[in-house]
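In what follows, a structure is listed as structure tokens, so that the remarks can point back to it.
The values are calculated or read from the model by the stated rules, or taken from the named source; none is laboratory data. Because the structure is predicted, anything quoted here is derived from the model rather than measured. Virtual Cβ from ideal backbone geometry, glycine too; neighbours counted across all protein chains shown. Each accessible area value is taken on the protein alone, full model and side chains, heavy atoms only, with ligands, DNA and RNA left out. Shrake-Rupley method; radii C 1.70, N 1.55, O 1.52, S 1.80 Å.
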Amino acid sequence: MHEGLSPEAEKLYLAMLRGDHAEPGAAHDELERLGLARNNDVRPPRSALAAIASSHEAAAVRARETAEVLAAAYAERGAKEVDFVEVLKDADEVISAFEEMQSQAKTEVRALDPGSYLSPQPEASPAQPPALARGVSYRVVYESALLQTAQGFASVQESIAAGEQARTFPGVPLKLVIADSDRALIAVPTVTGGNVVALLIHPSVLLSALVELFEAFWRMAVSITPGSQEDTREEPTTATRRLMALLSAGLTDESIARELGVSERTVHRRVSRLQQLLGAQTRFQLGVQASRRGWL
């Protein structure tokens, strides 16, 4: 699955837009593979962006299906235990296991957070600041709906300020915490409803699958930047849609500036702001994220 163009391919694409001749090589092959070039001619990027956005959505569907299968299988087994799974039913026991995983983590804690099944908002864990101070890194993918409330947004921003790397994605399927690839904790509602079963997973094929599940969502998710909530609520404006349409048509910054009646510097500033807002490192990634959000 492609996150976007490599820096070399993006540089070549921009050079070809200026009329430079493209030499054969890996970057040119990448442009042709993504439908952005044919021989020595550039192609409008809109269709390529749509194709990549569609592949992200397809990957998300597969990841959600995998998560649902895992959750249903283990929720149905109830209290049955195997040697690599511990079933936790008491809320205090679950909280204790969660805190212990963080306090014993040596390198990294990864998590998917759809919102607590017991509380609708994410809550900062008291074990996180000491772990971060020890050098443990945190990567968390939050359900996008959590950021639409002031309380949820403030909680996530508090964690980011403490040093957490946070991303957001719609439809996070289950609550998952992984510590050092040694242990994982998942919480799912029981089949009958009304209760939550938490499973503590030790090294196994299941644990490896959960790690891959997290990484799949991390690759698809969008970075959360400090203070971005108000900005994203107002987007996309008419001006943003017009700018994105011109970018997706393959116009140079000079042409875009002339079309919009602004300076090239203003175009650079607006594009940089949108990249930061959507967590895109390159303009191609910006196009993919904008296409996924329906801004194009």
- Residue within the range 250-261 that is modelled with pLDDT of 90 or more and part of a loop (DSSP other than H, G, I, E, B) present: yes
- Note on the structure: Those residues of the range 242-271 that are without any contact (Cβ under 8 Å) to a residue 24 or more places away in the chain and of a type in the set (Val, Ile, Thr) come to a total of 3
- Give just the number: which of (1) part of a helix (DSSP H, G or I); (2) touching a residue at least 24 places away in the same chain (Cβ under 8 Å); (3) over 18 Å from Ser144 (Cα atoms); (4) open to solvent by 40 Å² or more (accessible area, probe 1.4 Å) does Leu296 not satisfy? (1)
- For the range 178-199, state whether one or more residues are at pLDDT below 90, closer than 25 Å to Ala280 by Cα, assigned to a strand (DSSP E or B) and open to solvent by 40 Å² or more (accessible area, probe 1.4 Å). no
- Task: Can you tell me which residue among Val109, Val140 is within 23 Å of Leu213 (Cα to Cα), in a strand (DSSP E or B) and either free of Cβ contacts under 8 Å to residues at least 40 places away in the same chain or not hydrophobic (A, V, I, L, M, F, W, C) (or both)?
- Result: Val140
